[in-house]
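One structure is given below, encoded as structure tokens.
Read-outs throughout are calculated quantities, based only on the coordinates presented, and are distinct from any laboratory measurement. All values derive from a computational prediction rather than experimental measurement. All Cβ positions, even for glycine, are placed from backbone atoms using ideal geometry, and neighbour counts span all protein chains on display.
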Amino acid sequence: MIVDRGRFGGYGGSFVPETLVQPLAELEEAYERLKTDPDFKNIHEELSRTYAGRPTPLYHARSLSKKLGLKMYLKREDLLHGGAHKLNNALGQALTAKMMGKTRLIAETGAGQHGVATAMAGANLGLETMVYMGEVDIRRQEMNVYRMKLMGTEVVPVYTGSRTLKDAINEALRDWTASYEYTHYLLGSIAGPHPYPTMVKDLQSVIGTETRDQILKAEGRLPDSIVACVGGGSNAMGIFSGFFQDEVNLIAVEAGGTGLTCTSKFANHGASLKVGEDGILHGALSKILQDPYGQILESHSLAPGLDYPGVGPELARLVDLGRVRSEVADDEVAMEGFRVLSRLEGIIPALESAHAVGYALQDPESLGDLAIINLSGRGDKDLATVMQREAL
Ligand SMILES: *Cc1c(COP(=O)(O)O)cnc(C)c1O
């Protein structure tokens with residue numbers, strides 16, 4: 001079943017089984033209504049401020065600026081509750097679900113970060129929460145599994161297929177098909193069928209709205225460039241959305257992994273915008289990493305949140321139109337970003353965000369005189385990975 005809404009050029013749409021058409025339409029209708037509803041807006045605003053910690057600061061990184069030879073600001077989503085931008089989306093969707101009368105949330109997670117954000121929102125709003133996770137990922141991410149359980153979320157291991165994210169997504173969709181009358185499926189990025197890409201962008205656009213006000217206040221002008229890392233694309237679209245009408249370079253940095261090569265089953269990277277081809281993944285048409293027969297390749301990145309073989313359809317469209325520039329930073333470049341930001345600013349970034357920092361270090365000339373990096377998350381969660389790679 002294909003609908004016209006939620007199309008971005010040829011991308012997007014809603015390629016789902018007939019049974020999910022109704023719940024997706026209900027979700028679209030409810031979110032459109034609620035986002036202008038005074039009750040919803042009041043509760044959402046208060047929770048965003050007092051529970052999540054909005055607005056996050058825009059920080060002038062003086063030492064990094066000096067090294068780069070330009071004026072660099074960081075949008076501090078790493079200071080949001082939970083340590084990343086993901087809660088903006090999880091909280092907004094969970095509140096939507098609650099006000100729709102749903103009593104239960106389900107989600108799927110790979111590295112566990114979206115699972116943790118969903119667990120936080122579910123606990124806060126008193127919703128029963130269940131997170132599907134591949135059995136392989138559960139073993140790799142025991143800290144996040146424990147965090148979810150602490151907050152009362154049931155983590156369900158998935159034993160099918162490669163026992164990773166894509167299998168967990170299949171299970172979550174199966175659950176939703178049977179339970180949507182009382183369950184909301186809380187999707188984590190600007191991917192998936194309509195209305196998710198539009199709704200998640202809307203919930204993350206607070207980053208861009210705040211950043212625009214903050215930079216105008218600090219500098220009296222808009223930046224020349226904005227840099228953001230891309231997994232599914234939600235933190236990037238969130239900050240970019242404040243600047244689409246302006247002459248600001250928008251730069252999307254994907255995971256180059258260990259190199260832009262593919263074997264029959266694996267890609268050594270997560271660069272679907274850069275080298276992906278048109279195909280359908282998770283109910284939407286977008287750029288995805290696939291073999292010649294349309295089978296999805298397993299992606300790779302040092303940063304768990306960038307390890308995704310697809311990308312949001314609207315971002316794919318913006319790259320085709322030339323409005324967003326697609327760039328790649330590999331594992332080594334990200335490690336350099338991680339080290340430099342820790343050392344120069346006393347900020348340990350998430351390995352995802354370190355891709356954006358690493359890109360800026362590699363190519364500062366391309367950023368103009370005034371630039372902003374969206375620091376999507378903090379690096380505490382990545383210390384074990386980094387320690388394994390290098391002793392100090
Ligand atoms: C999940 C995650 C990302 C990638 O997701 P997007 O939807 O592309 O934003 C980036 N940074 C951090 C810190 C994350 O947790």
Kirkwood Rh over alpha-carbon pairs of the chain plugged into Stokes-Einstein at 10 °C, 1.306 mPa s gives a D in µm²/s of 77
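Consider all pairwise Cα distances in region 4-61 and report the whole-number % of them above 19 Å. Present the calculation step by step, with values, prior to reporting the outcome.
Working: 949 of 1653 pairs.
The proportion of pairs with Cα distances above 19 Å equals 57 percent.
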Checking the cross-link filter: which aspartates and glutamates have an alpha carbon closer than 14 Å to that of K66, excluding same-chain neighbours under 8 positions apart? E345, E365, D369
What Kirkwood radius, in Å to one decimal, follows from the Cα pairs of region 1-132? 17.2
Counted neighbours (other Cβ, 10 Å), sorted fewest up, put F240, F8 in the order F8, F240
Positive-end residue of L68, T96, P57, charge dipole of region 50-96 with Cβ unit charges: L68
Can you tell which of A228, A61, A284 shows the greatest fluctuation in a Gaussian network model of the chain with Cα springs below 10 Å? A61
Mind scanning K166/K381; K75/K149; K41/K166; K98/K217; K201/K274 and naming the pairs with a C-alpha gap bigger than 26 Å? K75/K149; K41/K166; K98/K217
Quick one: compute the contact order of region 68-124, relative version, from alpha carbon pairs under 8 angstrom and 6+ residues apart, as a percent. 34
Using a/c under 1.5 as the rounded threshold, could you call region 149-209 rounded, prolate or oblate? The axes a ≥ b ≥ c are square roots of the C-alpha gyration tensor eigenvalues, and prolate needs a/b larger than b/c, oblate otherwise. prolate
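With an 8 Å Cα cut-off and a minimum separation of 6 or more residues, compute the relative contact order for region 42-91 in percent.
Result for region 42-91 is 33 percent.
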Check: region 290-361 dipole with +1 on Lys, Arg Cβ and -1 on Asp, Glu Cβ, in debye: 300
Where a ≥ b ≥ c are the square roots of the eigenvalues of the C-alpha gyration tensor, would you call region 263-392 rounded, which needs a/c under 1.5, or, failing that, prolate if a/b is larger than b/c, or oblate? oblate
Rounded, prolate or oblate: which one fits region 323-392, using the alpha carbon gyration tensor with axes a ≥ b ≥ c (rounded when a/c is under 1.5, else prolate when a/b beats b/c, else oblate)? prolate
From Cα pairs below 8 angstrom and at least 6 apart in sequence, can you work out the relative contact order of region 258-336, rounded to a whole percent? 29
So which chymotrypsin sites (Phe, Trp or Tyr not before Pro) in region 98-177 end up in coil per DSSP with only 12 or fewer other C-beta atoms within 10 Å? Y159
Which Rg and Dmax, in Å, describe the Cα atoms of region 272-333? 11.8, 33
One finds the C-alpha centres of region 278-320 and region 350-372 to be spaced, in Å, by 23
Rounded to the nearest 0.05, what FRET efficiency is calculated for T263 and R323 with R0 set to 22 Å and r the Cβ-Cβ distance? 0.10
Which of the helices in the chain meet the span-like rule: DSSP H, Cα axial reach of 27 Å or more, Kyte-Doolittle mean at least -1.0? 196-219
